[in-house]
Amino acid sequence: MLDTVSFRSKLLATLRAIQPVLAEPGVLVVGSLVPDLLEPAAAATLVVSQDVDIAVPVATHAAVSLRLREIRDLEPAKDEPSVWLPKRPDLIEVNFVGVDRDRPGETYVLEHGELPLLVFAHLSLLGAGEPVRVDGLAIPVPRPSGLVLEKLVTDRSGEKGDRDLLVVLALLLVSKPGDLDEIERGYVNLPPDLRYLARSNLTLLSLLEPRAGMPDPQPHRALVARLLERLEQVELER
């Protein structure tokens, strides 16, 4: 596993290498690395990962595909062109995924010669936050509230599911009081089955044991419990 200094350096170097793509409107850095970027000075101490997830809006997919031609230090994997592999040892892998706000709740494959994408239904919950500005970079990130909800309503199991829930914890650790209010407002607009899944996953998060390279849930169980109580109160008031 990378130490924190090396990880931060690789993360920022990778984001610098794909700046042409990040400059396109609507593109967001999503997934497990967002909490690291939201820490002061993008400290990258919460979640250590070997890849970066980039959400590409279907509406601007053509423009993003053209921007990919400007990237020099990564290249598409031969068997999976939505995954870009580093040509240099100081970079990490980049995974491109799709988001379609005109078809929320629908997961499908967007076929394309240069950049085919798996469009994930619940990424439509993400809204753009303030860009993170660090080391001369402007990094587009989602609002923490949307990413928390996206993780909570995505039905995954096993180690991947546990790690996604620990990303939720990492997001809560860097969230502000207003972000928790936004989580509640977004939760209210979810259909009943997804509200149930969100509460179930928060309950599971409150029981998780530590994982290497992830925030330790044990000292923060009360934080998770408070959010769960808020959502349960919403259900009582409906």
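The values are calculated or read from the model by the stated rules, or taken from the named source; none is laboratory data. Remember, predicted model here, so these are calculated numbers, not experimental data. Cβ placement follows ideal geometry from the backbone for every residue including glycine, while neighbour counts extend to all protein chains displayed.
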Of the candidates 213, 186, the one satisfying the condition of being part of a helix (DSSP H, G or I), surrounded by 15 or more Cβ atoms within 10 Å (Cβ to Cβ) and within 19 Å of the chain's Cα centre (by Cα) is 186
With the requirement that a residue be assigned to a loop (DSSP other than H, G, I, E, B) and within 16 Å of residue 52 (Cα to Cα), what does the stretch 70-102 give you? 71, 73, 87, 88, 89, 90, 91, 92
Given (1) over 21 Å from residue 101 (Cβ atoms); (2) in a helix (DSSP H, G or I), residue 156 misses just (2)
Could you please give the count of residues in the stretch 217-232 that are among the acidic types (Asp, Glu) and either touching a residue at least 24 places away in the same chain (Cβ under 8 Å) or touching an Asp or Glu at 6+ places or on another chain (Cβ under 9 Å) (or both)? 1
From the set of residues in the stretch 31-53 that are farther than 18 Å from residue 133 by Cβ and outside any loop (DSSP other than H, G, I, E, B), which is modelled with the highest pLDDT? 53
Of the residues in the stretch 127-153, those that are aliphatic (A, V, I, L, M) and part of a helix (DSSP H, G or I) number 5
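A quick yes/no check of all residues on (1) part of a loop (DSSP other than H, G, I, E, B); (2) out of contact with any helix residue (DSSP H, G or I) (no Cβ under 6 Å at 6 or more places or on another chain); (3) outside the structural domain of residue 151 (by TED's automatic domain parsing):
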| position | (1), (2), (3) |
| --- | --- |
| 182 | no, no, no |
| 190 | yes, yes, no |
| 193 | no, yes, no |
| 197 | no, no, no |
| 200 | no, yes, no |
| 219 | no, yes, no |
| 236 | no, yes, no |
Output the number of the condition that residue 124 fails; it satisfies all remaining conditions of (1) within 19 Å of residue 24 (Cα to Cα); (2) assigned to a strand (DSSP E or B). (2)
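Let's see how each residue does on (1) in contact with an Asp or Glu (Cβ under 6 Å, 6 or more places away or on another chain); (2) within 19 Å of residue 84 (Cβ to Cβ):
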residue: 7; (1), (2): no, yes
residue: 21; (1), (2): no, yes
residue: 31; (1), (2): yes, yes
residue: 35; (1), (2): no, no
residue: 39; (1), (2): no, no
residue: 44; (1), (2): yes, no
residue: 49; (1), (2): no, yes
residue: 54; (1), (2): no, yes
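Residue by residue, here is whether (1) small (Gly, Ala, Ser); (2) more than 15 Å from residue 58 (Cβ to Cβ); (3) free of Cβ contacts under 8 Å to residues at least 12 places away in the same chain; (4) surrounded by 13 or more Cβ atoms within 10 Å (Cβ to Cβ) holds:
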{"residue": "71", "(1), (2), (3), (4)": "no, yes, no, yes"}
{"residue": "74", "(1), (2), (3), (4)": "no, yes, no, yes"}
{"residue": "94", "(1), (2), (3), (4)": "no, yes, no, yes"}
{"residue": "102", "(1), (2), (3), (4)": "no, no, no, no"}
{"residue": "119", "(1), (2), (3), (4)": "no, no, no, yes"}
{"residue": "128", "(1), (2), (3), (4)": "yes, yes, no, yes"}
{"residue": "148", "(1), (2), (3), (4)": "no, yes, no, yes"}
{"residue": "151", "(1), (2), (3), (4)": "no, yes, no, yes"}
{"residue": "154", "(1), (2), (3), (4)": "no, yes, no, yes"}
Here the residues within the stretch 45-69 that are free of Cβ contacts under 8 Å to residues at least 60 places away in the same chain, surrounded by 17 or more Cβ atoms within 10 Å (Cβ to Cβ) and among the β-branched types (Val, Ile, Thr) are 52, 54, 64
Kindly indicate which of 136, 113 is modelled with pLDDT under 95, closer than 19 Å to residue 22 by Cα and either crowded, with 19+ Cβ neighbours inside 10 Å or over 18 Å from the mean Cα position of the chain (by Cα) (or both). 136
Can you tell me which of 49, 82, 9, 65 is among the hydroxyl-bearing types (Ser, Thr, Tyr) and within 21 Å of residue 211 (Cα to Cα)? 49
Any chance residue 105 is under 24 Å from residue 152 (Cα atoms), part of a loop (DSSP other than H, G, I, E, B), small (Gly, Ala, Ser) and not assigned by TED's automatic domain parsing to the domain that holds residue 165: yes
